[in-house]
Each structure stands twice: as C-alpha cells, then as structure tokens.
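The numbers here are math on the coordinates, done by the rules we state, and not lab data. Given the structure is predicted, the values throughout are model-derived calculations rather than measurements. Cβ sites come from the backbone with ideal geometry, for glycine too, and all protein chains shown count toward neighbours.
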Amino acid sequence: MFLDYLRLSVNNLTRRKLRSWLTMIGIFIGIAAVVALIGLGEGLRSAISSQFDMLSPDIITIQAGGLAAFGPPGSTVSTPLSNDLVKELEKISDAEYVISRSISSGYAKFNDRIAIGMAGSMPNGDKRAIVEDMVGIEAEFGRLLKDGDQYKIVVGNNFMKDDIFGKPVQVGNRIMIQDKYFEVVGIAKKLGNFMLDGVVLMNEDVQKELFNEGDDVSLIVVKARKNVNMELLKESIEKVMRKERDVKVGKEDFSVELAINTLETLNSTLFAVQLFVYIIASISLIVGGIGITNTMYTSVLEKTKDIGVMKAIGAKNRDIFVLFLLESGLLGMAGGLIGIIVGVAMAKGMAFIGSMQLGSDLIRADISFALAFGSLAFSFIIGCVAGITPAIRAAKMHPVDALRFAK
Amino acid sequence: MTNKETIIELKDVWKTYKMGAVEVHALRGISLKVKRGEFLAIMGPSGSGKSTAMNMVGCLDVPSKGNIYLLDKDIAKMSESELAKVRGKKIGFIFQTFNLINTLTARENITLPMVFQDYPKEERRKRAEDLLKMVELDNRMGHKPSELSGGQQQRIAIARALANEPEVILADEPTGNLDSSTGERVMDFLTKLHKEKGTTIVMVTHDLKTARHADRIEFLKDGQIVPEKEAFT
Ligand SMILES: Nc1ncnc2c1ncn2[C@@H]1O[C@H](COP(=O)(O)OP(=O)(O)OP(=O)(O)O)[C@@H](O)[C@H]1O
Ligand SMILES: [Mg+2]
C-alpha cells in the first residue's frame with residue numbers, strides 16, 4: 001500500500017517542471033552547508049586535537065611577541081627570547097624543568113634537490129628525554145639523537161616520501177643543510193602533525209652554531225611539578241618575564257600559554273565559525289521549506305481535477321493527504337540528496353586545497369554514512385513539514401468542486 | 001422487475017446552492033428508485049440537475065434536504081471515510097470528459113481504484129489485464145491517456161469503473177464527448193455489461209438515441225422529475 005503511494009508520488013515528482021525544482025535550491029544550499037561543515041569541522045577538530053596531542057596539561061609555553069602569537073615560532077619581529085631567561089625561570093619552585101628550544105628555517109639539499117624546511121633543536125642531558133616524551137617522538141628506523149652527536153640528524157616521517165627530495169631519505173644518507181653535511185641517524189615515527197613530521201632534529205649546540213643564533217631561542221617550555229596550580233604557575237612565569245624584559249602589565253611583548261587553553265581558544269573559535277554557518281544553513285533550510293510549501297500549493301491546484309477523480313474512485317481524505325505529503329517529503333529529499341553530493345564535494349575540495357597549501361593531510365573531510373543518511377532523513381522531514389498545509393488542503397477538497405475544476 | 005431489490009432510493013431530495021444572497025435550487029424534491037440489474041437513463045435539458053443528482057447517488061455529495069439510500073443505508077449518516085469506501089467499492093463512475101489520470105498509463109489507471117481498496121498486488125495485476133481484454137485494449141496497456149483516442153480513453157474509464165466489481169455504474173454523459181460511431185462502440189460495451197453481467201447502470205444523456213439502450217428513461221426539468229412530454233418544452 002505504502003509502496004504504491006510512494007510510486008504514485010515519485011511518478012508525480014518526476015513530471016515536475018523545472019520551475020518547481022528550482023525551489024529546492026534553499027534545501028540544497030542548506031544541506032550542502034551542513035554536510036560540508038560537519039564533515040570538515042569534525043576533520044578539523046580531530047586534526048587540531050592531534051596537533052595538540054603532544055601538549056600535556058602540565059606544560060606552559062613561552063614565546064616572544066604580543067598576545068598568543070600563533071604564527072610559526074620565531075617569525076615575530078619583537079625581541080627574541082634569550083637563553084638567560086631559563087636560569088631565572090628555573091628559580092620558580094613549581095617549575096620542574098625549563099627548556100629552551102630553537103626552531104629555525106633553512107634549506108637542505110639532497111638528491112640534487114633543494115628544499116626549504118624547519119630545523120628543531122634537542123636539548124642535551126636529562127632534558128632530552130623530557131622533550132622526547134613531550135613531543136612523543138620515537139624512531140621508526142635507526143635511533144634518536146644522543147648527547148655529543150655532531151652533524152647527525154633525525155628526520156621526520158614525511159622525509160620517507162618522495163615529495164620532498166624526489167626520493168625517500170634513508171638512515172645513513174647524507175643531507176646538506178646550510179652548507180654543512182649531516183648524517184641521517186634516524187627517521188621518526190609518523191606523528192600526524194605536519195610540522196613535526198616535516199622537521200629535521202639536531203642537537204641544540206649544533207643548531208646554535210649552524211644558524212648563528214647566539215643566545216636567542218624560539219620558545220621556552222616549562223614543565224610543572226606534579227599537582228601544581230597551573231594558573232598560579234603561569235602568573236609566576238609572567239611576573240619573572242615582565243621583570244626580565246622590563247615591561248609593564250598589559251604591555252607584554254611575550255606570551256605565556258597553557259597548552260590546554262590554546263586548544264580551547266582554537267576550539268571555541270572553530271565553534272563560533274560553525275555556529276555562524278549553521279545559522280546561515282538554517283535560514284536557507286527555512287527558505288527552502290517555504291519554497292516547497294509554495295510549489296506544493298501550486299501542485300495541489302494543478303491537480304485539483306485529479307484529486308476529484310481519485311476521490312470519486314474511492315480515495316479517502318487520508319489517502320490524498322499521504323500522497324501529497326510523500327511527494328513533498330521526496331521533493332525535500334531530492335534537494336537534500338543534491339545538497340549531500342555538493343557538500344561532500346565541497347568538503348573534499350576544501351580538504352584537498354588545504355592539504356596542497358599545508359603539504360599535509362591536516363584537514364580531512366570526515367563524511368560518515370550516519371551524516372549522509374541523517375541529512376537525507378532531515379531533508380525528507382523538512383519536505384514533509386513544508387507539505388503539511390498543502391496536503392491538508394488537497395485532502396479536504398470537496399470531490400464535486402474538485403471534479404468541476406477546469407484545467 | 002418490480003419484485004427486484006431496490007439498490008438506490010432518492011426520497012424528496014433537495015439540493016440548494018447559496019450564491020451570496022441568492023439560493024439556487026439545483027434539485028427540488030426528487031424521488032426515484034433504482035432496482036438491481038436495471039439500466040436507467042436520465043434525460044433533461046442542460047442545467048436541469050442531472051449531474052447534481054448523479055453526484056449524490058454516487059456519494060460525492062450530500063443532499064440539502066431529503067434522503068438518499070444506497071443499499072438501505074442513508075448516505076447522509078455516513079462519515080467521510082465510509083463514503084469514500086462506498087465510492088470505491090459499490091460505485092463505478094464514468095465521466096463525460098473521461099477523467100483518466102494523465103500521468104498514469106492505461107493499466108495504472110485501471111489499477112488505481114484497487115490500490116485505494118488495498119487489493120493484493122497480484123490480484124490487481126490479473127484483474128487489470130482481464131479488464132483491458134474486456135474493453136479490447138490489452139494492446140494499449142502501457143499507453144498514457146494522451147496517446148489514446150477519446151473512444152479508447154472512455155473504454156479505459158469503463159474498465160476502471162469496473163475494477164472493484166461495483167453494484168452500480170454511474171455514467172454522466174459517457175458519449176457526450178465522442179462522435180456518434182465511437183459513442184455507439186462505448187454504448188455497446190455498457191449494454192453488453194448490462195445484458196451479460198446484469199450490472200446496474202444509471203446513465204445521464206442528452207441524446208434520445210443513446211437513451212434507448214436503457215430499460216427505462218426518467219426526465220428531469222428544473223430539478224424535478226417530469227413526464228416525457230413536458231421535459232423539453
Ligand atoms: N457548485 C455549484 N454552485 C452553484 N450552482 C451550482 C453548482 N453546481 C451546480 N449548480 C447549478 O445547479 C443546476 C444544475 O446543475 P447540473 O450540473 O446538475 O446540471 P445538468 O443537468 O447536469 O446540466 P448539463 O446537462 O449541462 O450537464 C445548474 O443551474 C447549476 O448552475
Ligand atoms: Mg451535467
């Protein structure tokens with residue numbers, strides 16, 4: 001029975017004029033936006049989380065530059081951090097370790113190809129293990145660095161791909177960095193973080209010399225002792241920093257960030273963007289729904305005579321109602337289907353552009369079956385809701401009046 | 001004939017349309033009986049109330065005053081869904097303008113009344129094919145109404161009217177839109193139905209020649225039943 005009605009409704013639907021299909025644009029835009037957004041948003045969220053995986057709650061990061069500077073470390077023009085700060089910060093009792101790190105950009109040559117990239121420093125002594133642990137770095141091939149390694153490097157996992165030098169880097173290869181030859185002693189396991197997977201690691205003394213850094217460092221990482229109030233520790237650090245750099249409250253030329261806060265800030269920004277797009281999507285869905293109501297009224301009017309005929313041959317009001325409601329729901333669902341296809345294409349396209357720009361699969365489009373199915377069901381429901389009043393009008397038509405209706 | 005069961009009875013039926021302040025009496029106290037197996041023709045000038053009367057017999061409309069009994073049940077006392085069920089099961093409509101659903105094929109049009117009565121699919125299919133054979137259009141079952149001639153469309157409409165094996169066929173000027181020879185062909189089917197299957201038929205017509213196929217003719221004028229000689233004066 002239901003299937004027969006479905007068939008009749010589909011039959012009506014496929015005979016529609018272009019004009020009535022155009023009214024689905026609202027539904028289609030709305031669903032496309034929702035699908036693309038949820039798809040990308042989830043992908044982005046998990047990507048961001050993975051970026052911050054290495055940042056545990058007991059870590060505070062200090063960088064030069066005002067307010068949470070989020071560009072590549074060291075790219076800011078303000079006075080760089082000095083290594084002398086480490087000694088001052090170590091005086092804070094709640095700080096277990098204070099570690100300075102350098103991140104420098106430079107060029108590397110291998111297989112007759114030159115690539116621009118980042119080098120990151122590894123501290124000597126017992127701080128080395130802390131950094132290794134913090135970043136979660138492990139060797140996939142070869143070994144990690146140790147104290148006294150001169151002109152030896154560990155490279156990120158992306159170097160195993162062809163796209164940096166045209167051929168994979170292997171343990172034992174020699175790579176030229178800034179005019180000096182380095183031996184690759186290890187290749188790191190994949191971390192899923194495009195910066196870490198593309199970095200070259202060398203000991204800090206080697207890096208300082210190679211890049212002529214003097215006392216400048218890119219960032220200082222403070223690891224707190226167990227069960228320390230992180231906010232208080234952050235304040236103590238800021239106090240020391242202000243004193244050392246001779247700046248007043250509110251005029252800081254540095255930033256002190258709790259790893260967790262950074263993640264939250266980013267997440268809430270993302271949330272605001274998503275909320276905005278959801279509002280736009282809701283508006284287009286409402287407009288789309290009104291469009292469907294409108295075409296359904298037209299359709300009911302056009303089919304007045306058929307409604308009369310169907311009643312004359314035994315259709316109950318309920319049958320007519322179901323027929324038109326189904327048609328309306330299917331109209332919504334058709335819009336939703338196009339929306340899903342466009343939304344998936346949009347999400348994949350944006351993810352692709354993103355990966356081209358960043359050289360990594362940081363942004364992924366995660367479009368689950370549940371999302372697609374849910375959107376389809378949702379657009380069907382919107383169609384049905386939009387079709388209720390026209391379907392009631394059709395159902396309530398007086399058979400004789402409907403039959404008298406001239407086309 | 002008189003001892004046969006009455007299947008339709010109109011008792012002092014009035015139908016009044018209110019057009020603003022003006023009242024139009026389409027029917028003014030009609031009383032009429034239709035017996036099982038009878039072929040009744042209703043004649044009368046345009047606007048005399050023939051279609052109005054037919055629609056009420058067909059449970060499409062209810063009287064303003066008076067009663068209509070279909071198999072001894074007062075249709076005024078039936079609910080919307082009961083009326084729909086009666087229309088679907090007990091009555092087969094044939095219209096002057098055929099009124100097939102244009103988007104459906106000949107076969108689907110014939111199947112539609114059975115769909116509304118929840119017939120099993122296999123039964124529907126079989127019955128639709130038998131009916132198509134009966135109206136000699138089984139070679140046209142996949143055609144849309146627009147691909148059929150007027151006479152063919154009306155034969156499909158006859159097949160559709162018969163789909164649920166109704167007690168009575170109501171035909172409102174079934175040949176009104178057809179030329180005389182095509183009209184004759186359609187009338188042949190209706191007469192055959194009446195003679196061979198004993199189907200009860202009530203038919204409205206303008207044309208005396210068409211009316212002669214019937215057992216009995218009633219004349220309507222200004223919403224009342226009148227003797228033949230008064231009808232067209
Ligand atoms: N819905 C309506 N509203 C107002 N008046 C109506 C309505 N339906 C019918 N009438 C009037 O009722 C009268 C009878 O109409 P009806 O259609 O029954 O005539 P008829 O005998 O079938 O005519 P014809 O031979 O032209 O089909 C007419 O005067 C008509 O104008
Ligand atoms: Mg008429």
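Key figures for this structure:
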{"item": "0 to 90° range, to nearest 10: angle between helix B:180-192 axis and chain B longest Cα axis", "result": "90"}
{"item": "Average Cα contact separation per residue, chain A, under 8 Å, 6 or more apart, as relative contact order %", "result": "29"}
{"item": "About the Cα centre, charge dipole magnitude for the protein assembly as shown (Lys/Arg +1, Asp/Glu -1 at Cβ), debye", "result": "3260"}
{"item": "Exposure proxy ranking, count of Cβ atoms within 10 Å, fewest first, for A:ILE353, B:ILE101", "result": "A:ILE353, B:ILE101"}
{"item": "Cα long-axis angle, helix B:121-134 against chain B (0 to 90 degrees, to the nearest 10)", "result": "80"}
{"item": "Partner chain coverage, peptide A:312-325 - average Cβ within 10 angstrom", "result": "6"}
{"item": "Helix runs (DSSP H) in chain A reaching 30 Å along axis by Cα, Kyte-Doolittle at least -1.0", "result": "A:25-51, A:259-302, A:317-358, A:369-396"}
{"item": "Rg/Rh for segment A:103-206, where both radii come from Cα atoms and Rh is the Kirkwood radius", "result": "0.92"}
{"item": "Part-to-part distance (alpha-carbon centres) for segment B:201-233 and segment A:364-407, which is given in Å", "result": "47"}
{"item": "Three-way shape call for chain B based on the alpha-carbon gyration tensor, with the a/c threshold at 1.5", "result": "prolate"}
{"item": "Antiparallel DSSP beta bridges within chain B, percent to nearest 5", "result": "55"}
{"item": "Ranked B:THR182, B:THR52, B:THR191, criterion: other C-beta atoms within 10 Å, fewest first", "result": "B:THR191, B:THR182, B:THR52"}
{"item": "Residue order, fewest to most beta carbons within 10 Å, for A:LYS303, B:LYS229", "result": "B:LYS229, A:LYS303"}
{"item": "Antiparallel bridge percentage (DSSP; both residues within the protein assembly as shown; nearest 5)", "result": "70"}
{"item": "Segment A:262-397, relative contact order [Cα under 8 Å, separation at least 6], %", "result": "42"}
{"item": "Contact order relative to length of segment A:121-233, as percent, for alpha carbon pairs under 8 angstrom and 6 or more apart", "result": "30"}
{"item": "Calculated [θ] (222 nm, deg cm²/dmol) that DSSP helices of n ≥ 4 give over chain A, each run adding -39,500 (n - 2.57)", "result": "-17500 deg cm²/dmol"}
{"item": "Antiparallel DSSP beta bridges within segment A:103-206, percent to nearest 5", "result": "70"}
{"item": "Folded to 0 to 90 degrees: helix B:106-116 orientation relative to chain B principal axis, Cα", "result": "60"}
{"item": "q = 0.05 Å⁻¹, the protein assembly as shown: log10 I(q)/I(0) [Debye, one scatterer per Cα]", "result": "-0.48"}
{"item": "Exercise: per-residue mean of other protein chain Cβ atoms within 10 Å, B:53-59", "result": "2"}
